[in-house]
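Student: The structure's right below; bear with me while I get my questions together.
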Amino acid sequence: MRMKRVAAVAAVAALSLAMTACGGDSDSDSGSGGSAKGIVGKAQSQKKLVIGVKADQPGLGLQTGSQYEGFDIEVAKIIAKGLGVDANNIEWKTTVSSNREPFIQQGTVDLVIATYTINDERKQKVNFAGPYFIAGQDLLVKADSTLAGPEGLDGKTVCSVSGSTPAKRVQTDYPKAKLQQFDSYSKCLPLLEKGQVDAVTTDDIILAGYAAQDQYAGKFKVVGKTFSSEPYGIGLKKDDKDGCEKVNEILKTAASDGTYKAAWDATLGKSGKAAPELDTTKLTNCGSV
């Protein structure tokens, strides 16, 4: 009798092992059908995303308390919805220019949507979907300044953000300017107001957002002479080709169904600037990673 019980236990154990062997990988698929990986797989399986955004750029990415608002935030919500993730299940992660690539590479965030210019140097480290907006580098100066463009920067003190494309361009193209760098543009504005720097430089739309803030109304002006083309992209891991292509598909839909324009009108559109056309023919080739 005891022998039969031992045999029965052994049989059950063997059956359990067999079932585990057959179905043990089901959790690793995470509900993604066994094929979806990267941000597509995570969105399918976990129904949540961590998105890196700026926290100090009015109209684009601005944090007030625990809330984030701005055009980049609305674009992030569009992307998340297209991936099947509700806006309430987005974890916003404040990024600065210098940590965007590390955050993506280390998996701290799933996506970065943070006035993130697509360029060849960054494409060596991360992949980009987009661009979803084309900006241009410009100068913010005091309202009574006579500085009319970058050609007048020799000997002038210019404030920007370390690790940013605008700061690097000043160093390379205008080496006689005195560059002062911080980790956020918001730290440059009090210095400009006090006359301790002659100009702040970054993308025109970011500068316009700062100049429109109540505390600076009438004190600053954007020079209006852009000297670059800054295609804003959506950063994700370098090998996530499927995720990149999916984000581009979502952008195409947003351009055609009006949600892209609605995102602009609710944020940067309040400045009086009309919504740009999202040119989907210029979306990146996600295969070039």
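The values are calculated or read from the model by the stated rules, or taken from the named source; none is laboratory data. What you are looking at is a predicted structure, and each value in this text was computed from that prediction instead of being measured. Reconstructed Cβ throughout: ideal geometry from the backbone, glycine too, with neighbour counts over all protein chains shown. For the accessible areas, the whole protein counts, side chains as well, though only heavy atoms, and no ligand, DNA or RNA atoms are used. Shrake-Rupley method; radii C 1.70, N 1.55, O 1.52, S 1.80 Å.
Student: Hey, among G224, G209, G233, which residue is in contact with a helix residue (DSSP H, G or I) (Cβ under 9 Å, 6 or more places away or on another chain) and in a strand (DSSP E or B)? Before the answer, list the steps.
Tutor: On the way: G224 fails: in a strand (DSSP E or B); G209 fails: in a strand (DSSP E or B).
Testing whether each residue is in contact with a helix residue (DSSP H, G or I) (Cβ under 9 Å, 6 or more places away or on another chain) and in a strand (DSSP E or B) leaves just G233.
Student: Hey, among the residues in region 250-278 that are hydroxyl-bearing (S, T, Y) and modelled with pLDDT under 95, which one's nearest to the chain's Cα centre (by Cα)?
Tutor: Across region 250-278, the extreme among qualifying residues is T267.
Student: Now, a different point. Being open to solvent by 30 Å² or more (accessible area, probe 1.4 Å), among the polar types (S, T, N, Q) and in a strand (DSSP E or B) is true for just one of Q171, Q180, Q105. Which residue is that? Step through it out loud before you land on a result.
Tutor: Numbers: Q171 fails: in a strand (DSSP E or B); Q105 fails: in a strand (DSSP E or B).
Of the residues listed, the single one that is open to solvent by 30 Å² or more (accessible area, probe 1.4 Å), among the polar types (S, T, N, Q) and in a strand (DSSP E or B) is Q180.
Student: Considering only region 137-146, how many residues are surrounded by fewer than 19 Cβ atoms within 10 Å (Cβ to Cβ) and at pLDDT 95 or above?
Tutor: Counting residues in region 137-146 that are surrounded by fewer than 19 Cβ atoms within 10 Å (Cβ to Cβ) and at pLDDT 95 or above gives 4.
Student: Also, quick follow-up: Where residues in region 84-95 are of a type in the set (V, I, T) and closer than 13 Å to Q63 by Cα, which of them is surrounded by the fewest Cβ atoms within 10 Å (Cβ to Cβ)?
Tutor: Applying the filter and picking the extreme gives T94.
Student: Here's another thing I want to ask about it. Within region 111-134, does at least one residue satisfy the condition of being among the aliphatic types (A, V, I, L, M), crowded, with 20+ Cβ neighbours inside 10 Å and free of Cβ contacts under 8 Å to residues at least 60 places away in the same chain?
Tutor: No, there is no match, as no residue in region 111-134 is among the aliphatic types (A, V, I, L, M), crowded, with 20+ Cβ neighbours inside 10 Å and free of Cβ contacts under 8 Å to residues at least 60 places away in the same chain.
Residue-by-condition table, conditions (1) in contact (Cβ under 8 Å) with a residue 60 or more places away in the chain; (2) under 20 Å from S97 (Cα atoms):
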site	(1), (2)
S145	yes, no
S164	yes, yes
Q171	no, yes
Y174	no, no
A177	no, no
K187	no, yes
T202	yes, yes
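Student: Next question, about the same structure. If you scan region 252-289, which residues turn out to be in a helix (DSSP H, G or I) and open to solvent by 80 Å² or more (accessible area, probe 1.4 Å)?
Tutor: Within region 252-289, the first condition is being in a helix (DSSP H, G or I), and the residues that meet it are 252-257, 259-265, 268-271, 280-282.
Result: K252, S256, D257, K261, K270, S271, T281, K282.
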